[in-house]
1. Please go through (1) farther than 25 Å from residue 4 by Cβ; (2) surrounded by 15 or more Cβ atoms within 10 Å (Cβ to Cβ) for residue 80 and return the number of the only condition it doesn't satisfy.
2. Only one of 31, 50 is surrounded by fewer than 18 Cβ atoms within 10 Å (Cβ to Cβ) and at pLDDT 95 or above; which?
3. With respect to residue 130, determine if the residue is at pLDDT below 90 and surrounded by fewer than 13 Cβ atoms within 10 Å (Cβ to Cβ).
4. Residue check: is residue 59 under 11 Å from the mean Cα position of the chain (by Cα) and surrounded by 15 or more Cβ atoms within 10 Å (Cβ to Cβ)?
5. Pick from the stretch 11-22 the residues that are without any contact (Cβ under 8 Å) to a residue 60 or more places away in the chain and loosely packed, with under 15 Cβ neighbours inside 10 Å: which of them is farthest from residue 60 (Cα to Cα)?
6. Using the structure shown, decide if residue 65 is closer than 16 Å to residue 19 by Cα, without any contact (Cβ under 8 Å) to a residue 24 or more places away in the chain and surrounded by fewer than 17 Cβ atoms within 10 Å (Cβ to Cβ).
7. Give just the number: which of (1) closer than 22 Å to residue 23 by Cα; (2) modelled with pLDDT under 95; (3) in contact with a helix residue (DSSP H, G or I) (Cβ under 7 Å, 6 or more places away or on another chain) does residue 95 not satisfy?
8. So, in the stretch 90-113, how many residues would count as being in contact (Cβ under 8 Å) with a residue 12 or more places away in the chain and within 12 Å of the chain's Cα centre (by Cα)?
């Protein structure tokens, strides 16, 4: 069974571009879920997966640059998260190793976790800009 994601304003990190990217990942995961109920949509699923991967690379670069500019102290953790995602989807969670339903479930759960973690960790640093926020 596919996992669907719903955007909640609590997931906002307060940066318009990154929030839009996060919402787009939810939309891509939901579009992939739609493909699972359409028996002839395997090609479309694969195109959406390729788009998600391309957008993920762009997103992680933008996110890293923004966090670096703000002096985010856990930047190494953010980079590790990027590397882990790339490894998982390039080496393990692939259409060769998993069926599309499993792949969609993995992606939906991963992006939900990433977005919730960003909402928990990034806003204070983004609001403070290059100054370190009080902890």
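1. Here residue 80 clears every test but (2).
2. Working: 50 fails: at pLDDT 95 or above.
Sole residue among the options that is surrounded by fewer than 18 Cβ atoms within 10 Å (Cβ to Cβ) and at pLDDT 95 or above: 31.
3. On the way: at pLDDT below 90: yes; surrounded by fewer than 13 Cβ atoms within 10 Å (Cβ to Cβ): yes.
Yes: the conditions hold for residue 130.
4. Values: under 11 Å from the mean Cα position of the chain (by Cα): yes; surrounded by 15 or more Cβ atoms within 10 Å (Cβ to Cβ): yes.
For residue 59, the condition - under 11 Å from the mean Cα position of the chain (by Cα) and surrounded by 15 or more Cβ atoms within 10 Å (Cβ to Cβ) - is met.
5. Within the stretch 11-22, the subset without any contact (Cβ under 8 Å) to a residue 60 or more places away in the chain is 16-17, 19-21.
Adding the requirement that they be loosely packed, with under 15 Cβ neighbours inside 10 Å leaves 16-17, 20.
Details: 16: 15, 17: 12, 20: 13 Å.
Residue satisfying both the conditions and the ranking: 16.
6. Values: closer than 16 Å to residue 19 by Cα: yes; without any contact (Cβ under 8 Å) to a residue 24 or more places away in the chain: yes; surrounded by fewer than 17 Cβ atoms within 10 Å (Cβ to Cβ): yes.
Spelling it out, residue 65 is indeed closer than 16 Å to residue 19 by Cα, without any contact (Cβ under 8 Å) to a residue 24 or more places away in the chain and surrounded by fewer than 17 Cβ atoms within 10 Å (Cβ to Cβ).
7. Failing condition for residue 95: (1).
8. Kept after step one, since they are in contact (Cβ under 8 Å) with a residue 12 or more places away in the chain, are these residues of the stretch 90-113: 93, 95, 100-101, 103-112.
Now narrow it down to the ones that are within 12 Å of the chain's Cα centre (by Cα): 106-112.
Total satisfying the criteria: 7.
The values are calculated or read from the model by the stated rules, or taken from the named source; none is laboratory data. Quantities reported herein were computed from a predicted structural model and do not represent experimental measurements. All Cβ positions, even for glycine, are placed from backbone atoms using ideal geometry, and neighbour counts span all protein chains on display.
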